[in-house]
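Reviewing the structure listed below.
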Amino acid sequence: MSLRTEIEGATSRDLVRMVCNMRLTCTLTVSNKQRTGRLEFVWGRLVKARATGQVALGKYLTDTGALGEQDLGVALRAMESQKKSRAIGSVLVALGLVESGRVRKALQRQMEDAFFLVLGWKDGLAKIKICTQNQPTQLLRMSLSTDDLLHTFLGEEKSEETPEFAPPIVENDDWLVGHPLIGN
């Protein structure tokens with residue numbers, strides 16, 4: 001059982017600041033009639049972001065020259081022929097078409113883009129679902145500093161007095177397997 005809370009007049013930016021300052025592990029969903037955005041945080045750090053209007057990973061990789069159109073087609077056909085659903089990033093890496101580091105950077109860019117899209121929305125309904133279960137530390141391997149992103153969005157300089165939160169991070173790439181952004 002939980003308390004149902006409503007906060008009127010808050011912006012997405014206000015809610016993200018609250019999540020960041022309180023180091024919450026939660027999902028923030030912002031939606032209106034035209035779009036939906038979902039930001040997931042672990043200990044106040046952004047670990048996953050999706051938003052209506054963000055560029056698909058395959059398109060981003062082709063637009064930046066990291067992947068050719070034909071290679072993207074090969075990967076998409078390989079995904080269709082597999083019985084088990086896999087994320088495009090893991091298929092591209094498995095086929096040797098893109099290095100895992102490039103996929104990781106593209107995914108980080110995708111997260112940043114979705115984050116900035118959601119923060120720019122002026123209307124809609126926002127819901128925060130706080131997670132009370134322990135979260136795996138390895139998800140933080142590909143996390144983004146919410147403080148830094150907010151400062152960038154607002155065009156502010158980060159204060160040297162602002163402490164950087166640095167939880168323990170797993171030192172291997174095993175986190176890629178089964179990660180919701182990458183797949184198996």
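Quick notes on this structure:
- Within a straight-line Cα-Cα reach of under 30 Å, LYS105 can be paired with the following lysines, leaving aside sequence neighbours fewer than 8 residues apart in one chain: LYS48, LYS59, LYS83, LYS84, LYS122, LYS127, LYS129, LYS158.
- One decimal place: the segment GLN34-THR11 gains 6.5 nm when fully extended, by the rule 0.36 nm per residue minus the C-alpha distance.
- Global form of segment 2-62, assessed from the alpha-carbon gyration tensor, a/c cut-off 1.5: oblate
- Sites GLN70 and GLU99, calculated FRET efficiency, Cβ-Cβ separation with R0 22 Å, nearest 0.05: 0.75
- Cα-based shape type of segment 29-69, given that a ≥ b ≥ c are square roots of the gyration tensor eigenvalues and the cut on a/c is 1.5: oblate
- Applying the Karplus relation 6.51 cos²θ - 1.76 cosθ + 1.60 with θ = phi - 60° to segment 94-106 yields 3J(HN,Hα) values of 4, 7, x, 7, 9, 6, 4, x, 5, 5, 4, 5, 5 Hz, where x marks Gly and Pro.
- The coefficient of translational diffusion for segment 56-119, derived via Stokes-Einstein from the alpha carbon Kirkwood radius under 20 °C and 1.002 mPa s, stands at 176 µm²/s.
- Each peptide in 39-52, 59-72, 5-18 was scored by the mean count of other Cβ atoms within 10 Å over its residues; highest first, the order is 39-52, 59-72, 5-18.
- Each residue in MET22, MET111 was given a count of other beta-carbon atoms within 10 angstrom of its own, and listing them fewest first yields MET22, MET111.
Every read-out reported here was derived from the displayed coordinates using simple, explicitly stated rules and does not represent laboratory data. Predicted model, so just to flag it, every value in this text is computed and none were measured. A quick note on method: Cβ atoms are made from the backbone with ideal geometry, for glycine too, and the neighbour counts reach across all protein chains shown.
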